[in-house]
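Here is the structure we will look at, set down as structure tokens.
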């Protein structure tokens, strides 16, 4: 059960490994285009159909018709990767249970966007976890974990791809261990350090992605990394006349420095660099996108848009 590209790698490993995949559950096709007249299949559906697998696309997971169709497949084990929260009637169905692949070191970062929040928070390590489903989301007993370093230059896209590849292998290993009866699932509480604070990973919305220029240099830098390449951090470029332009930021570097400029002040030569003043230095913007325009490097941006130190961002 899964929808995005992250889940395809796990399904591919199972198919190529010769496991008997009796069915694939994914989201209904998504309306695309200006009028929503074109339906686009999920990456999981596209892969599943290319391999001749049976695909189920329920609108409601409690729908009796879907539940009966799922039950008729008589699966021994169910695997969830980047999908919706399952009702008990679904996750309790197979005799060997249902396990989930989660892109964090549980119990940290329970929720919809664990990779983003690990990078936003400046973590130097993350990982992947397989665990058995139970009533509360992302709280089931842990089967296996793999730890993965996060480099200071990694954005969420890079970390996503690392975890996707390792996750596919971990799913296969977890299946093998369940089938062989060697699994010893462990409560998540045993993975917590004393007095450790749990960090959540809630879904990310547009307002979540707005830059806060009052924060220190390292935090604003990590914020950009944690939202790149998708959905991207954004800010408003304010001109001297008060006119505002929405600006997405895809890539930046830290420039530690002493200065007395207000937070959000723009410092630029108008040709090669675009620095924004923050506590502890400047965030040097490298790849940008104005609303309605294509993504571009800072030099191209400055050539097409006359920027001066009288501008600021909010």
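The values are calculated or read from the model by the stated rules, or taken from the named source; none is laboratory data. What you are looking at is a predicted structure, and each value in this text was computed from that prediction instead of being measured. Methodologically, a virtual Cβ is constructed for each residue, glycine included, from the backbone with ideal geometry; neighbour enumeration extends over all protein chains shown.
Below, the figures for the structure above:
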| read-out | value |
| --- | --- |
| Index of the failed condition, residue 166 passing every other in (1) free of Cβ contacts under 8 Å to residues at least 60 places away in the same chain; (2) crowded, with 16+ Cβ neighbours inside 10 Å; (3) within 27 Å of residue 314 (Cβ to Cβ) | (3) |
| Hits in the stretch 287-311 - residues which are in contact with a helix residue (DSSP H, G or I) (Cβ under 9 Å, 6 or more places away or on another chain) and either surrounded by 17 or more Cβ atoms within 10 Å (Cβ to Cβ) or not assigned by TED's automatic domain parsing to the domain that holds residue 251 (or both) | 287, 288, 289, 296, 307 |
| Residue, nearest to the chain's Cα centre (by Cα), within the stretch 1-22, restricted to residues that are free of Cβ contacts under 8 Å to residues at least 60 places away in the same chain, in a loop (DSSP other than H, G, I, E, B) and at negative phi | 21 |
| Some residue of the stretch 228-238 being surrounded by fewer than 14 Cβ atoms within 10 Å (Cβ to Cβ) and either touching a helix residue (DSSP H, G or I) at 6+ places or on another chain (Cβ under 8 Å) or touching a residue at least 24 places away in the same chain (Cβ under 8 Å) (or both) | yes |
| Filter pass, residue 140 being touching a strand residue (DSSP E or B) at 6+ places or on another chain (Cβ under 9 Å) and over 28 Å from residue 255 (Cα atoms) | yes |
| Among the residues listed as 248, 271, the single one being within 23 Å of the chain's Cα centre (by Cα) and in contact (Cβ under 8 Å) with a residue 24 or more places away in the chain | 248 |
| Among (1) within 24 Å of residue 221 (Cα to Cα); (2) part of a strand (DSSP E or B); (3) out of contact with any helix residue (DSSP H, G or I) (no Cβ under 6 Å at 6 or more places or on another chain), the one test that residue 126 misses | (3) |
| Any hit, the stretch 99-118, residues being farther than 24 Å from residue 200 by Cβ, in a loop (DSSP other than H, G, I, E, B) and at pLDDT 95 or above | no |
| Selection count, the stretch 169-189, where residues are touching a residue at least 24 places away in the same chain (Cβ under 8 Å) and either exposed (fewer than 14 other Cβ atoms within 10 Å of the Cβ) or outside any helix (DSSP H, G or I) (or both) | 6 |
| Qualifying residue in the stretch 271-287 (condition: at pLDDT 95 or above, more than 16 Å from residue 213 (Cβ to Cβ) and not in a loop (DSSP other than H, G, I, E, B)) | yes |
| Single unsatisfied condition, residue 84 versus (1) modelled with pLDDT of 95 or more; (2) assigned to a loop (DSSP other than H, G, I, E, B) | (1) |
| Any hit, the stretch 47-59, residues being crowded, with 17+ Cβ neighbours inside 10 Å and over 30 Å from residue 162 (Cβ atoms) | yes |
| All positions within the stretch 70-88 that are touching a residue at least 12 places away in the same chain (Cβ under 8 Å) and either more than 24 Å from residue 12 (Cβ to Cβ) or outside the structural domain of residue 139 (by TED's automatic domain parsing) (or both) | 71, 85, 87, 88 |
| Single residue of the stretch 132-146 satisfying the filter (assigned to a strand (DSSP E or B) and more than 20 Å from the chain's Cα centre (by Cα)) that is farthest from residue 163 (Cα to Cα) | 132 |
| Residue, surrounded by the fewest Cβ atoms within 10 Å (Cβ to Cβ), within the stretch 28-45, restricted to residues that are closer than 28 Å to residue 172 by Cα and out of contact with any helix residue (DSSP H, G or I) (no Cβ under 8 Å at 6 or more places or on another chain) | 28 |
